[in-house]
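Notes to accompany the following structure.
The values are calculated or read from the model by the stated rules, or taken from the named source; none is laboratory data. These figures come from a predicted structure and were not determined experimentally. Note: ideal-geometry Cβ built from the backbone for every residue, glycine included; neighbour counts use all protein chains shown.
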Amino acid sequence: MNASTRTRIYSLDLLRGLVMVIMALDHTRDFFHYDAFLHDPLDWATTTPILYFTRWVTHFCAPVFVFLSGASIFLQHLRKSTSELSAFLLKRGLWLLFVEFVIITFAWTFSWRYPALIMGVIAAIGFGMVGMSVLIRLPFKAILALGLVIVLGHNILDHLPSTHQGFAWDLLRNGDFASYPITASHQLLIIYPILPWLGLMMLGYCAGKLYAPDVNTERRKRTLLLGGAGLILFFVLLRSLNMYGDPDPWAAHLGLTRTLMSFFDVQKYPPSLLYMCITIGPALLFLAVAEPVNNGLTRAISVFGRVPFFYYVLHFYLLHILLMVYFFAHGHSLSEETPGVEGLPFLGLIPGEGVSLTAVYGIWMGLVLALHPLCRWFNAYKQRHAHWWLSYV
(Lines give C-alpha, C1' and ligand atoms only; values in the text may rest on other atoms or scores of the structure.)
Protein backbone atom coordinates (compact mmCIF):
# COMPACT_ATOMS: atom_id res chain seq x y z
CA MET A 1 0.00 0.00 0.00
CA ASN A 2 1.56 3.34 -1.02
CA ALA A 3 1.34 6.58 0.90
CA SER A 4 -1.44 8.03 -1.21
CA THR A 5 -3.81 5.14 -0.57
CA ARG A 6 -3.43 4.88 3.19
CA THR A 7 -6.57 5.59 5.15
CA ARG A 8 -6.99 6.51 8.80
CA ILE A 9 -9.98 6.58 11.13
CA TYR A 10 -10.50 10.18 12.11
CA SER A 11 -12.14 9.63 15.53
CA LEU A 12 -9.28 7.37 16.67
CA ASP A 13 -6.73 9.99 15.63
CA LEU A 14 -8.75 12.65 17.42
CA LEU A 15 -8.88 10.71 20.70
CA ARG A 16 -5.22 9.79 20.43
CA GLY A 17 -4.31 13.41 19.74
CA LEU A 18 -6.39 14.63 22.67
CA VAL A 19 -4.70 12.32 25.17
CA MET A 20 -1.30 13.31 23.77
CA VAL A 21 -2.11 16.96 24.44
CA ILE A 22 -3.28 16.14 27.97
CA MET A 23 -0.19 13.99 28.55
CA ALA A 24 2.04 17.00 27.89
CA LEU A 25 0.31 18.79 30.78
CA ASP A 26 1.38 16.07 33.21
CA HIS A 27 4.97 16.10 32.01
CA THR A 28 5.06 19.90 32.11
CA ARG A 29 3.93 19.70 35.73
CA ASP A 30 6.64 17.11 36.44
CA PHE A 31 9.38 19.32 35.04
CA PHE A 32 8.24 22.75 36.22
CA HIS A 33 5.82 22.71 39.16
CA TYR A 34 7.55 23.48 42.43
CA ASP A 35 5.57 20.81 44.29
CA ALA A 36 5.80 18.08 41.64
CA PHE A 37 8.12 15.75 43.56
CA LEU A 38 7.39 16.87 47.10
CA HIS A 39 3.80 15.75 47.57
CA ASP A 40 1.36 13.45 45.81
CA PRO A 41 -1.07 15.69 43.86
CA LEU A 42 -3.79 13.08 44.45
CA ASP A 43 -3.39 13.07 48.23
CA TRP A 44 -6.47 14.90 49.49
CA ALA A 45 -4.64 15.86 52.71
CA THR A 46 -2.00 17.96 50.92
CA THR A 47 -3.40 18.82 47.49
CA THR A 48 -5.88 21.36 46.15
CA PRO A 49 -8.87 20.60 43.89
CA ILE A 50 -7.23 22.16 40.81
CA LEU A 51 -3.92 20.37 41.40
CA TYR A 52 -5.80 17.11 41.97
CA PHE A 53 -7.72 17.57 38.72
CA THR A 54 -4.55 18.50 36.82
CA ARG A 55 -3.02 15.18 37.76
CA TRP A 56 -6.17 13.06 37.68
CA VAL A 57 -7.24 14.05 34.16
CA THR A 58 -3.89 12.84 32.83
CA HIS A 59 -4.78 9.33 34.04
CA PHE A 60 -6.58 8.93 30.72
CA CYS A 61 -3.38 9.16 28.69
CA ALA A 62 -1.54 5.87 29.19
CA PRO A 63 -4.53 3.48 29.20
CA VAL A 64 -6.20 5.16 26.22
CA PHE A 65 -2.95 5.14 24.26
CA VAL A 66 -2.32 1.46 25.04
CA PHE A 67 -5.95 0.59 24.22
CA LEU A 68 -5.77 2.42 20.89
CA SER A 69 -2.46 0.71 20.13
CA GLY A 70 -4.31 -2.57 20.40
CA ALA A 71 -7.08 -1.31 18.11
CA SER A 72 -4.45 -0.20 15.60
CA ILE A 73 -2.98 -3.72 15.60
CA PHE A 74 -6.40 -5.16 14.69
CA LEU A 75 -6.80 -2.66 11.85
CA GLN A 76 -3.36 -3.57 10.54
CA HIS A 77 -4.41 -7.23 10.69
CA LEU A 78 -7.15 -6.43 8.16
CA ARG A 79 -4.56 -5.63 5.49
CA LYS A 80 -1.57 -7.75 6.56
CA SER A 81 -1.20 -11.48 6.89
CA THR A 82 -0.71 -12.89 10.37
CA SER A 83 2.92 -13.72 9.60
CA GLU A 84 3.63 -10.24 8.21
CA LEU A 85 1.98 -8.52 11.16
CA SER A 86 3.66 -10.80 13.70
CA ALA A 87 7.10 -9.98 12.29
CA PHE A 88 6.32 -6.27 12.21
CA LEU A 89 5.04 -6.23 15.81
CA LEU A 90 8.11 -8.06 17.05
CA LYS A 91 10.44 -5.56 15.35
CA ARG A 92 8.34 -2.56 16.36
CA GLY A 93 8.17 -3.76 19.96
CA LEU A 94 11.93 -4.23 20.21
CA TRP A 95 12.44 -0.81 18.61
CA LEU A 96 10.17 0.80 21.21
CA LEU A 97 12.14 -0.84 24.01
CA PHE A 98 15.30 0.70 22.58
CA VAL A 99 13.56 4.06 22.35
CA GLU A 100 12.39 3.88 25.97
CA PHE A 101 15.66 2.79 27.48
CA VAL A 102 17.94 5.00 25.38
CA ILE A 103 16.10 7.97 23.86
CA ILE A 104 13.36 8.63 26.44
CA THR A 105 15.50 7.78 29.46
CA PHE A 106 18.01 10.37 28.30
CA ALA A 107 15.20 12.90 27.74
CA TRP A 108 14.20 12.48 31.40
CA THR A 109 17.68 12.58 32.93
CA PHE A 110 19.93 14.39 30.43
CA SER A 111 22.68 12.15 31.77
CA TRP A 112 25.07 10.40 29.38
CA ARG A 113 25.99 8.06 32.25
CA TYR A 114 22.51 6.50 32.13
CA PRO A 115 22.21 5.92 35.87
CA ALA A 116 18.92 4.14 35.20
CA LEU A 117 16.93 2.53 32.45
CA ILE A 118 13.40 3.82 32.95
CA MET A 119 10.65 1.35 32.05
CA GLY A 120 7.74 3.66 31.29
CA VAL A 121 4.70 3.58 29.03
CA ILE A 122 6.69 3.21 25.79
CA ALA A 123 8.33 0.09 27.22
CA ALA A 124 4.91 -1.23 28.24
CA ILE A 125 3.71 -0.76 24.66
CA GLY A 126 6.91 -2.32 23.35
CA PHE A 127 6.54 -5.41 25.52
CA GLY A 128 2.86 -5.47 24.60
CA MET A 129 3.66 -5.53 20.89
CA VAL A 130 6.18 -8.30 21.40
CA GLY A 131 3.46 -10.24 23.22
CA MET A 132 0.88 -9.46 20.55
CA SER A 133 3.27 -10.72 17.86
CA VAL A 134 2.53 -14.17 19.30
CA LEU A 135 -1.04 -13.66 20.53
CA ILE A 136 -2.46 -12.56 17.17
CA ARG A 137 -2.03 -16.16 16.04
CA LEU A 138 -4.77 -17.15 18.50
CA PRO A 139 -8.48 -17.09 17.57
CA PHE A 140 -10.18 -13.74 18.19
CA LYS A 141 -12.35 -15.16 21.00
CA ALA A 142 -9.29 -16.56 22.75
CA ILE A 143 -7.59 -13.15 22.70
CA LEU A 144 -10.76 -11.55 24.08
CA ALA A 145 -11.13 -14.16 26.82
CA LEU A 146 -7.48 -13.96 27.87
CA GLY A 147 -7.57 -10.14 27.87
CA LEU A 148 -10.66 -10.17 30.08
CA VAL A 149 -9.08 -12.66 32.48
CA ILE A 150 -6.01 -10.45 32.88
CA VAL A 151 -7.85 -7.15 33.26
CA LEU A 152 -10.66 -8.45 35.46
CA GLY A 153 -8.57 -10.86 37.49
CA HIS A 154 -5.10 -9.43 38.10
CA ASN A 155 -6.23 -7.56 41.23
CA ILE A 156 -6.75 -10.96 42.87
CA LEU A 157 -2.98 -10.89 43.28
CA ASP A 158 -3.39 -7.97 45.68
CA HIS A 159 -4.70 -10.49 48.21
CA LEU A 160 -1.75 -12.88 47.90
CA PRO A 161 1.06 -11.27 49.91
CA SER A 162 3.40 -14.19 49.35
CA THR A 163 3.70 -13.20 45.68
CA HIS A 164 4.61 -9.58 46.44
CA GLN A 165 8.33 -9.95 46.05
CA GLY A 166 11.08 -10.27 43.53
CA PHE A 167 12.09 -9.04 40.12
CA ALA A 168 9.64 -11.22 38.18
CA TRP A 169 6.71 -9.93 40.26
CA ASP A 170 7.65 -6.29 39.69
CA LEU A 171 8.43 -6.76 36.00
CA LEU A 172 5.26 -8.64 35.16
CA ARG A 173 2.64 -7.24 37.49
CA ASN A 174 3.61 -4.75 40.17
CA GLY A 175 6.02 -2.12 38.82
CA ASP A 176 5.31 0.87 41.07
CA PHE A 177 8.80 2.40 40.64
CA ALA A 178 10.58 -0.75 41.80
CA SER A 179 14.34 -0.38 41.36
CA TYR A 180 16.83 -3.16 40.60
CA PRO A 181 20.60 -2.78 40.21
CA ILE A 182 22.11 -3.59 36.82
CA THR A 183 25.65 -2.62 37.78
CA ALA A 184 27.13 -0.70 40.71
CA SER A 185 26.21 2.60 39.05
CA HIS A 186 23.17 1.67 36.95
CA GLN A 187 19.68 0.49 37.78
CA LEU A 188 16.40 -0.56 36.17
CA LEU A 189 13.39 1.47 37.30
CA ILE A 190 10.17 -0.45 36.62
CA ILE A 191 7.20 1.91 36.46
CA TYR A 192 4.88 0.16 34.00
CA PRO A 193 4.73 -3.65 34.46
CA ILE A 194 4.02 -5.89 31.49
CA LEU A 195 0.97 -8.01 32.31
CA PRO A 196 -1.91 -5.57 33.05
CA TRP A 197 -0.95 -3.29 30.16
CA LEU A 198 -0.75 -6.28 27.81
CA GLY A 199 -4.24 -7.30 28.92
CA LEU A 200 -5.55 -3.84 28.12
CA MET A 201 -3.85 -3.89 24.70
CA MET A 202 -5.53 -7.23 23.98
CA LEU A 203 -8.94 -5.73 24.76
CA GLY A 204 -8.09 -2.76 22.55
CA TYR A 205 -7.27 -5.22 19.77
CA CYS A 206 -10.71 -6.78 20.17
CA ALA A 207 -12.39 -3.36 20.23
CA GLY A 208 -10.71 -2.62 16.91
CA LYS A 209 -13.20 -5.02 15.34
CA LEU A 210 -15.83 -2.29 15.70
CA TYR A 211 -13.97 -0.39 12.96
CA ALA A 212 -13.91 -3.27 10.50
CA PRO A 213 -15.53 -2.45 7.11
CA ASP A 214 -18.50 -4.76 7.79
CA VAL A 215 -19.56 -2.81 10.92
CA ASN A 216 -21.91 0.09 10.16
CA THR A 217 -21.74 3.41 11.95
CA GLU A 218 -24.94 2.98 13.95
CA ARG A 219 -23.93 -0.41 15.30
CA ARG A 220 -20.48 0.90 16.24
CA LYS A 221 -21.91 3.97 17.96
CA ARG A 222 -24.45 1.92 19.90
CA THR A 223 -21.81 -0.56 21.06
CA LEU A 224 -19.42 2.21 22.11
CA LEU A 225 -22.14 4.03 24.04
CA LEU A 226 -23.27 0.88 25.84
CA GLY A 227 -19.71 -0.21 26.53
CA GLY A 228 -18.62 3.19 27.82
CA ALA A 229 -21.68 3.71 30.01
CA GLY A 230 -21.41 0.13 31.27
CA LEU A 231 -17.78 0.57 32.33
CA ILE A 232 -18.55 3.79 34.19
CA LEU A 233 -21.52 2.21 35.97
CA PHE A 234 -19.42 -0.85 36.79
CA PHE A 235 -16.75 1.45 38.24
CA VAL A 236 -19.24 3.30 40.45
CA LEU A 237 -20.84 0.11 41.77
CA LEU A 238 -17.63 -1.82 42.38
CA ARG A 239 -15.79 1.16 43.84
CA SER A 240 -18.70 1.80 46.20
CA LEU A 241 -18.35 -1.69 47.65
CA ASN A 242 -14.65 -1.21 48.55
CA MET A 243 -14.12 -4.95 48.12
CA TYR A 244 -12.28 -5.57 44.87
CA GLY A 245 -10.77 -3.88 41.84
CA ASP A 246 -8.35 -1.51 43.57
CA PRO A 247 -6.01 -2.06 46.53
CA ASP A 248 -6.59 1.40 47.99
CA PRO A 249 -10.04 1.77 49.57
CA TRP A 250 -11.81 5.10 49.48
CA ALA A 251 -13.22 6.79 52.56
CA ALA A 252 -15.82 9.42 53.33
CA HIS A 253 -14.31 12.69 54.55
CA LEU A 254 -15.67 15.94 55.82
CA GLY A 255 -16.96 17.64 52.71
CA LEU A 256 -18.08 16.30 49.35
CA THR A 257 -14.96 17.44 47.49
CA ARG A 258 -12.54 15.42 49.60
CA THR A 259 -14.82 12.39 49.51
CA LEU A 260 -14.94 12.51 45.71
CA MET A 261 -11.16 12.89 45.60
CA SER A 262 -10.81 9.74 47.65
CA PHE A 263 -13.42 7.88 45.59
CA PHE A 264 -11.76 8.60 42.23
CA ASP A 265 -8.18 8.14 43.45
CA VAL A 266 -7.54 4.70 41.98
CA GLN A 267 -4.22 2.98 41.44
CA LYS A 268 -2.21 3.57 38.26
CA TYR A 269 1.01 1.77 39.29
CA PRO A 270 0.08 -0.94 38.45
CA PRO A 271 -3.19 -0.06 36.69
CA SER A 272 -6.04 -1.51 38.70
CA LEU A 273 -9.27 -2.85 37.21
CA LEU A 274 -11.13 0.24 38.43
CA TYR A 275 -8.47 2.55 37.02
CA MET A 276 -8.93 0.98 33.61
CA CYS A 277 -12.73 1.15 33.87
CA ILE A 278 -12.89 4.86 34.70
CA THR A 279 -10.44 5.79 31.94
CA ILE A 280 -11.54 3.50 29.10
CA GLY A 281 -15.26 4.01 29.82
CA PRO A 282 -15.26 7.76 29.05
CA ALA A 283 -12.91 7.11 26.13
CA LEU A 284 -15.48 4.81 24.51
CA LEU A 285 -18.19 7.44 25.02
CA PHE A 286 -15.92 10.02 23.41
CA LEU A 287 -15.38 7.80 20.37
CA ALA A 288 -19.13 7.36 19.98
CA VAL A 289 -19.91 11.07 20.24
CA ALA A 290 -16.88 12.42 18.37
CA GLU A 291 -17.10 10.29 15.23
CA PRO A 292 -19.25 12.73 13.23
CA VAL A 293 -17.51 15.85 14.62
CA ASN A 294 -15.10 17.54 12.23
CA ASN A 295 -14.10 21.17 12.66
CA GLY A 296 -10.99 23.30 12.83
CA LEU A 297 -10.24 22.47 16.47
CA THR A 298 -10.69 18.71 16.09
CA ARG A 299 -8.61 18.69 12.92
CA ALA A 300 -5.83 20.54 14.73
CA ILE A 301 -5.89 18.07 17.64
CA SER A 302 -6.04 15.03 15.36
CA VAL A 303 -2.71 16.07 13.81
CA PHE A 304 -1.00 15.01 17.06
CA GLY A 305 -2.83 11.68 16.91
CA ARG A 306 -1.44 10.94 13.46
CA VAL A 307 2.18 11.32 14.56
CA PRO A 308 2.12 10.33 18.24
CA PHE A 309 5.63 8.87 18.37
CA PHE A 310 7.16 11.99 16.81
CA TYR A 311 5.18 14.20 19.20
CA TYR A 312 6.03 12.09 22.25
CA VAL A 313 9.79 12.15 21.76
CA LEU A 314 9.90 15.80 20.73
CA HIS A 315 7.82 17.11 23.62
CA PHE A 316 10.12 15.47 26.19
CA TYR A 317 13.24 17.04 24.74
CA LEU A 318 11.65 20.48 24.38
CA LEU A 319 10.44 20.37 27.98
CA HIS A 320 13.83 19.40 29.35
CA ILE A 321 15.61 22.02 27.24
CA LEU A 322 13.19 24.65 28.58
CA LEU A 323 13.89 23.37 32.09
CA MET A 324 17.62 23.81 31.56
CA VAL A 325 17.03 27.42 30.43
CA TYR A 326 15.06 27.98 33.65
CA PHE A 327 17.80 26.22 35.65
CA PHE A 328 20.59 28.43 34.30
CA ALA A 329 18.45 31.59 34.46
CA HIS A 330 18.12 31.04 38.21
CA GLY A 331 21.85 31.02 38.78
CA HIS A 332 22.54 27.30 38.78
CA SER A 333 25.43 25.58 37.02
CA LEU A 334 26.23 22.11 35.74
CA SER A 335 28.75 21.63 38.54
CA GLU A 336 25.97 21.56 41.15
CA GLU A 337 24.85 18.31 42.73
CA THR A 338 21.08 18.03 42.26
CA PRO A 339 18.98 16.25 44.90
CA GLY A 340 17.57 13.83 42.33
CA VAL A 341 14.11 12.41 41.75
CA GLU A 342 13.24 8.79 42.57
CA GLY A 343 16.94 8.41 43.34
CA LEU A 344 17.93 9.62 39.86
CA PRO A 345 19.83 12.79 38.93
CA PHE A 346 17.34 14.50 36.59
CA LEU A 347 19.60 17.31 35.41
CA GLY A 348 18.10 20.72 36.11
CA LEU A 349 15.14 19.40 38.11
CA ILE A 350 15.26 20.43 41.76
CA PRO A 351 12.26 19.35 43.88
CA GLY A 352 10.76 22.37 45.62
CA GLU A 353 12.04 24.79 43.01
CA GLY A 354 9.79 25.74 40.13
CA VAL A 355 6.78 27.73 39.05
CA SER A 356 3.14 28.00 40.05
CA LEU A 357 0.42 25.78 38.61
CA THR A 358 -0.88 28.74 36.58
CA ALA A 359 2.54 29.11 34.98
CA VAL A 360 2.61 25.35 34.32
CA TYR A 361 -0.58 25.70 32.30
CA GLY A 362 0.96 28.58 30.36
CA ILE A 363 4.12 26.60 29.55
CA TRP A 364 1.97 23.61 28.53
CA MET A 365 -0.16 25.64 26.11
CA GLY A 366 2.92 27.26 24.62
CA LEU A 367 4.52 23.84 24.17
CA VAL A 368 1.48 22.40 22.39
CA LEU A 369 1.22 25.42 20.09
CA ALA A 370 4.93 25.19 19.25
CA LEU A 371 4.69 21.48 18.47
CA HIS A 372 1.68 21.74 16.19
CA PRO A 373 3.39 23.08 13.04
CA LEU A 374 6.19 20.52 13.45
CA CYS A 375 3.69 17.68 13.77
CA ARG A 376 1.66 19.01 10.84
CA TRP A 377 4.81 19.06 8.70
CA PHE A 378 5.80 15.53 9.68
CA ASN A 379 2.28 14.23 9.08
CA ALA A 380 2.34 15.74 5.58
CA TYR A 381 5.74 14.14 4.98
CA LYS A 382 4.39 10.72 5.99
CA GLN A 383 1.44 11.12 3.64
CA ARG A 384 3.70 11.96 0.70
CA HIS A 385 6.24 9.19 1.25
CA ALA A 386 6.20 5.44 1.78
CA HIS A 387 9.65 4.88 3.27
CA TRP A 388 9.77 1.68 5.32
CA TRP A 389 11.17 3.46 8.38
CA LEU A 390 8.13 5.74 8.65
CA SER A 391 6.11 2.84 10.06
CA TYR A 392 8.47 2.86 13.06
CA VAL A 393 8.26 6.60 13.77
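List the residue pairs whose Cβ atoms are under 8 Å apart, where the first residue sits in region 231-246 and is without any contact (Cβ under 8 Å) to a residue 40 or more places away in the chain, the second is of a type in the set (Gly, Ala, Ser), and the two are 6 or more positions apart or on different chains. Filtered contacts from region 231-246: Leu238/Gly245; Arg239/Gly245. Considering region 43-54, and only residues there that are buried (at least 18 other Cβ atoms within 10 Å of the Cβ) and at pLDDT 95 or above, the residue that is nearest to Ala290 (Cα to Cα) turns out to be Thr54.
Residue by residue, here is whether (1) in contact (Cβ under 8 Å) with a residue 60 or more places away in the chain; (2) not in a loop (DSSP other than H, G, I, E, B) holds:
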| position | (1), (2) |
| --- | --- |
| Leu254 | no, no |
| Thr259 | no, yes |
| Phe263 | no, yes |
| Pro270 | yes, no |
| Asn294 | yes, no |
| Thr298 | yes, yes |
| Val303 | yes, yes |
| Phe309 | yes, yes |
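The lone criterion from (1) without any contact (Cβ under 8 Å) to a residue 60 or more places away in the chain; (2) charged (D, E, K, R); (3) more than 29 Å from Tyr311 (Cα to Cα) left unmet by Lys80 is number (3). Mind listing just one residue for me: the one in region 258-296 that is among the hydroxyl-bearing types (Ser, Thr, Tyr) and under 19 Å from Ile156 (Cβ atoms) and, of those, surrounded by the most Cβ atoms within 10 Å (Cβ to Cβ)? Restricting to residues being among the hydroxyl-bearing types (Ser, Thr, Tyr) and under 19 Å from Ile156 (Cβ atoms), the top hit is Tyr275. Of all the residues in region 8-39, those that are part of a loop (DSSP other than H, G, I, E, B) and either among the aromatic types (Phe, Trp, Tyr) or in contact with a Phe, Trp or Tyr (Cβ under 9 Å, 6 or more places away or on another chain) (or both) number 3.
If I filter region 19-71 down to residues being of a type in the set (D, E, K, R) and closer than 18 Å to Leu319 by Cα, which single residue comes out as farthest from the chain's Cα centre (by Cα)? If we take residues in region 19-71 being of a type in the set (D, E, K, R) and closer than 18 Å to Leu319 by Cα, then Asp35 is farthest from the chain's Cα centre (by Cα).
Is it the case that Gly366 is in a helix (DSSP H, G or I) and over 19 Å from the mean Cα position of the chain (by Cα)? Considered against the rule, which asks whether it is in a helix (DSSP H, G or I) and over 19 Å from the mean Cα position of the chain (by Cα), Gly366 comes out as yes.
Scanning region 40-85 for residues that are among the acidic types (Asp, Glu) and touching a Phe, Trp or Tyr at 6+ places or on another chain (Cβ under 9 Å) turns up just one, Asp43.
Report every pair of residues separated by at least 6 positions or lying on different chains whose Cβ atoms are under 8 Å apart, first residue within region 199-219 and of a type in the set (A, V, I, L, M, F, W, C), second surrounded by fewer than 23 Cβ atoms within 10 Å (Cβ to Cβ) and assigned to a loop (DSSP other than H, G, I, E, B). So the pair list comes out as Ala212/Leu78. Residue count for region 40-54 under the criterion of being among the hydroxyl-bearing types (Ser, Thr, Tyr) and farther than 18 Å from Ala252 by Cβ: the result is 3.
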